[in-house]
Amino acid sequence: MRNRTMKKRAGVLCPLFSVPANQGIGDLGQKTIRMIDAVAAAGFSIWQILPLKMTGMTHSPYQTLSSFAGDPIYINIDRLAEMGLLTQSSIVNCNKFKDYVSYDEVRQFKEPYFRRAFRNFKKRYEEFRKEFEEFEEEAFWLEDWAVYSLFKGMYDLRAWTEWEEEYRDWPLDPTNIELDDYQDEILYHKFLQWLFDRQLREVAAHAREKGLALMGDIQFYPAYDSADIWADRDQYMVEPDGRMIYEAGLAPDEEHPEGQKWGMPTYDFAKQKKNGFRVWRQRIAWMARYFDIIRIGHFRAMDTYWRIPAGKPARDGKWILGPRGPLMEAILESADGREIVAEDLGMPRPEVAELRDSYNVQGMDVLQYRMDTKALKKPDKPNSFLYTGNHDNATLEEQYSGFDQNRRIGLRRFFKKRGYNLRAFHDMVCKYVLDSEAETVILPIQDICGYKGKTRVNVPGSDDPENWTWKLKDFKTFPQDLMKMKPWIEESGRLPE
């Protein structure tokens, strides 16, 4: 068991893409530096920003094309001018004051700047050689990612399982394709990853200077259409030709009577155990390059996971005993002292909590899932990060507006009896959560500000085109809402020393 010093603290949940910015999406530029300053000035100790990996067609940061490659959409163009790769006068704004992200539009806007910067990078290569080649050496995954990106572009972004055999199976036999004519494009994809890494590390360093820990997420399973599985498929339950053997998901329950299928293969844990869980060690170590806290999604799968034979309905799956302690030890050894948080929501079996607690890892507790007076009277979930809501929830005010009058009256009476006489419901709940015994409290920016509809991040299980697109328009009002929290954070003993 690892020891962890008990210190109360508060954090903000706000996706990076939701930060106000000049180029259509919150990115790794000066506006994010300003965001860090605002969050830290208000007394918060943590900023949770969601994954920043290369997304696919759904734009979901939890369905990504790589566990390592950053999404170039987050590269800030102004900072390329600071490097001398662009001229500042050539840069214009894109959707500067929009309250949503148009991913396709932003990608089309940024691509010409990236190409121009790449041409200048090649002209001035000697100036950047040492730094770039050091990154190439450290990024063990980079060559596979660059070739995967090249091929994916050649196949109009179709999944690697739909490519012709020699491209699909290039990782198994690279001699089948001559890449000499594509070296410039391969270098371009490496160049983008170097820029992303450079900018994210500078942002992370600024956050640490301000005493703010960055918290990132890692999904349990990589997406089927990812460079991870394409390049390293023998570590997953897929045939050598890419056909899935077993699919991940969940067993039937009250909410999902037919169960869930997630469209991604399970791990071959028998092989992974033999190599010391290399895949997991690599994923965690690369996350630790940037983040101080790493949240692991679907943590319960370390204990038992639902394995569905390919092509069968979810209900035909079986619970399989997971790797448990040996995998946890590999993760903690690779985390280089970073804090690990388990996404353990739902009703997993008691062994999941036992596994989590035996390694002194905290879980998650979301107040919105028990927003009625009877449930609120019960103790908070022990050893957990306490959230008012997370990225899959409605905002507090949106949830509250959907309750009937009796429930709203009952909730207000509950909070007022405990001394919370604030007018706004979200203020009552935020202060209540800050005053809780939870070691760590995380407040979504929407709940801090009291936003209602049209501001939630994601509706799970839906194809809503507004998922993952909500963005703050500017810095005019929300920094004041952040600062409103500071005396409450201080009163609750959560202010950083």
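Worth a mention:
- Exceeding the 28 Å Cα-Cα cut-off - candidates Lys7/Lys98; Lys210/Lys416; Lys110/Lys471; Lys261/Lys377: Lys7/Lys98; Lys210/Lys416; Lys261/Lys377
- Largest-first ordering by accessible area, 1.4 Å probe, given options Asp184, Asp380: Asp184, Asp380
- Percent carbon-and-sulfur accessible area, the stretch 11-157, ignoring ligands, DNA and RNA, probe 1.4 Å: 52
- The accessible area of Met237, taken with all protein chains in place and a 1.4 Å probe, comes to roughly 30 Å².
- Within the stretch 52-92: backbone nitrogen closer than 15 Å to the Ala205 label point (7 Å, Cα to C-beta): 83
- Prolate/oblate/rounded call for the stretch 60-167, Cα gyration tensor, a/c under 1.5 rounded: oblate
- Stretch gain in nm, segment Leu321-Lys416, where the contour uses 0.36 nm per residue and the Cα spacing is subtracted: 29.6 nm
- For the stretch 477-484, 3J(HN,Hα) computed residue by residue from phi via the Karplus equation (6.51, -1.76, 1.60; θ = phi - 60°) reads 10, 5, x, 5, 5, 4, 5, 4 Hz, glycine and proline entered as x.
- Ordering of 412-424, 60-72 by packing [mean C-beta count within 10 Å, highest first]: 60-72, 412-424
- Accessible surface computed residue by residue for the stretch 90-177, with neighbouring protein chains in place and a 1.4 Å probe, gives 56 Å² per residue.
- Local net charge near Glu131, Cβ-Cβ under 13 Å (Lys/Arg +1, Asp/Glu -1): -3
- Scoring 22-35, 472-485 by mean Cβ neighbours within 10 Å over their residues and listing the highest first yields 22-35, 472-485.
- Among Lys190, Lys273, Lys374, the sequence by solvent-accessible area, most first, with a 1.4 Å probe is Lys374, Lys273, Lys190.
- With the largest listed first and rounded to whole Å, the semi-axes of the equivalent ellipsoid of the stretch 1-75 from the Cα gyration tensor are 25, 19, 9.
- In summary, the convex hull built on the alpha carbon positions of the stretch 354-487 has an orientation-averaged projected area of 9.9 nm².
- Extension gain, Glu437 to Glu466: 0.36 nm times the residue separation minus the Cα-Cα distance gives 6.9 nm.
- All Cα pairs of the stretch 190-319, percent lying beyond 17 Å: 66
- Computed from the Cβ-Cβ distance with R0 of 60 Å, the FRET efficiency linking Lys476 to Tyr359 stands at 0.85.
- Charge context of Gly493, other residues only, Cβ under 15 angstrom, K/R +1, D/E -1: 0
- Seen from all directions on average, the chain presents a Cα convex hull projection of 23.6 nm².
- FRET efficiency for the pair Lys123 and Ile409, taken as 1/(1 + (r/R0)^6) with r the Cβ-Cβ distance and R0 = 56 Å, rounds to 0.20.
- Cα-Cα P(r), the stretch 264-317, percent of pairs per 10 Å interval: 18, 43, 30, 10
- Taking a point 7 Å out from the Cα of Ser89 in the direction of its Cβ, the residues of the stretch 105-131 whose backbone N falls within less than 18 Å of it are 117.
- Accessible-area order (highest first, 1.4 angstrom probe) of the listed residues Glu333, Glu136: Glu333, Glu136
- Working ranking of peptides 79-92, 204-217 by packing, defined as the average number of other Cβ atoms within 10 Å per residue, highest first, is 204-217, 79-92.
- Shown is the FRET efficiency for Glu497 and Ala285, computed with R0 = 41 Å from the Cβ-Cβ distance and rounded to the nearest 0.05: 0.90.
- Fully extended contour minus Cα-Cα distance, from Arg158 to Glu329, at 0.36 nm per residue: 57.9 nm
- Distance between the modelled labels on Lys378 and Glu134, one decimal in nanometres: 5.2 nm (7 Å Cα→Cβ projection).
- A simple count of charges around Leu321, restricted to other residues whose Cβ falls under 15 Å of its Cβ and scoring Lys, Arg +1 and Asp, Glu -1, yields +2.
The values are calculated or read from the model by the stated rules, or taken from the named source; none is laboratory data. Bear in mind the structure is a predicted one, so any value in this text is a computation, not a measurement. Glycine gets a Cβ as well: all are built from the backbone with ideal geometry, and neighbour counts include every protein chain shown. Ligands, DNA and RNA are excluded from the accessible area calculation, which covers all protein heavy atoms including side chains. Shrake-Rupley method; radii C 1.70, N 1.55, O 1.52, S 1.80 Å.
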